[in-house]
Amino acid sequence: QVQLVESGGGLVQPGGSLTLSCAASGITFSMYAMAWYRQTPGKERELVASITSGGSTNYEDSVKGRFTISRDNAKNTVYLQMNSLKPEETAVYYCNAKRLGRNDWGQGTQVTVSS
């Protein structure tokens, strides 16, 4: 059974930093493309960043230069380092694992950017 467990969310001031983690189990992690999405009430879930099994990364335009996605295959974990956070980036952040038609999601972790 696939499990994706996010952690690291919380309250941070504008301009601050957070690092999200997503620990995966039940999959051959190294073979999966991983991604972070975020969602606010009333809006569609949007892709923030992704990383392929080979380590290639992709970012939503608004986070380029501020967010970094990385993976540690030995720990079955994907990370999202977020710097210079903005209030409008307050959202629930979800971890996603994708391979060969499978698409699995974590339960999400709340990130609140507020003074």
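The values are calculated or read from the model by the stated rules, or taken from the named source; none is laboratory data. Because the structure is predicted, anything quoted here is derived from the model rather than measured. All Cβ positions, glycine included, derive from the backbone under ideal geometry; neighbour counts span all protein chains shown. Surface areas here come from the heavy atoms of the whole protein model, side chains and all, with no ligands, DNA or RNA. Shrake-Rupley method; radii C 1.70, N 1.55, O 1.52, S 1.80 Å.
Work out how much length Met31 to Gln13 would gain on full extension: take 0.36 nm times their residue separation and subtract the Cα-Cα distance, in nm to one decimal.
2.9 nm
With label points built 7 Å along Cα→Cβ from the Cα atoms of Lys64 and Ser114, find their separation and express it in nm.
3.2 nm
In segment 1-54, which trypsin sites (Lys or Arg not before Pro) fall in coil by DSSP and have 11 or fewer other Cβ atoms within 10 Å?
The qualifying sites are Lys43.
At 7 Å along the Cα-to-beta-carbon direction for both Val2 and Leu47, put a label point, then send me their distance in nm to one decimal.
According to this spin-label approximation, the distance is 1.6 nm.
On a 1.4 Å probe surface of the protein chains, which of Leu47, Leu85, Leu18, Leu11 comes out largest in accessible area, and what is the full order?
Leu11, Leu47, Leu18, Leu85
Under a point-charge model restricted to the Cβ atoms of Lys and Arg (+1) and Asp and Glu (-1), what is the dipole moment magnitude of the chain relative to its Cα centre, in debye to the nearest 20?
Using Cβ point charges on Lys, Arg, Asp and Glu, the chain gives about 200 debye.
Taking Cα atoms of segment 65-115, Rg/Rh with Kirkwood Rh, to two decimals?
Answer for segment 65-115: 1.03.
Would you list which lysines come within 18 Å of Lys64, measuring only between C-alpha atoms, while excluding same-chain residues fewer than 8 positions from it?
Lys86
How big is the chain on each of its three principal axes, counting only the C-alpha atoms and giving the largest first in Å?
Between the extreme Cα coordinates on each principal axis of the chain lie 40, 26, 23 Å.
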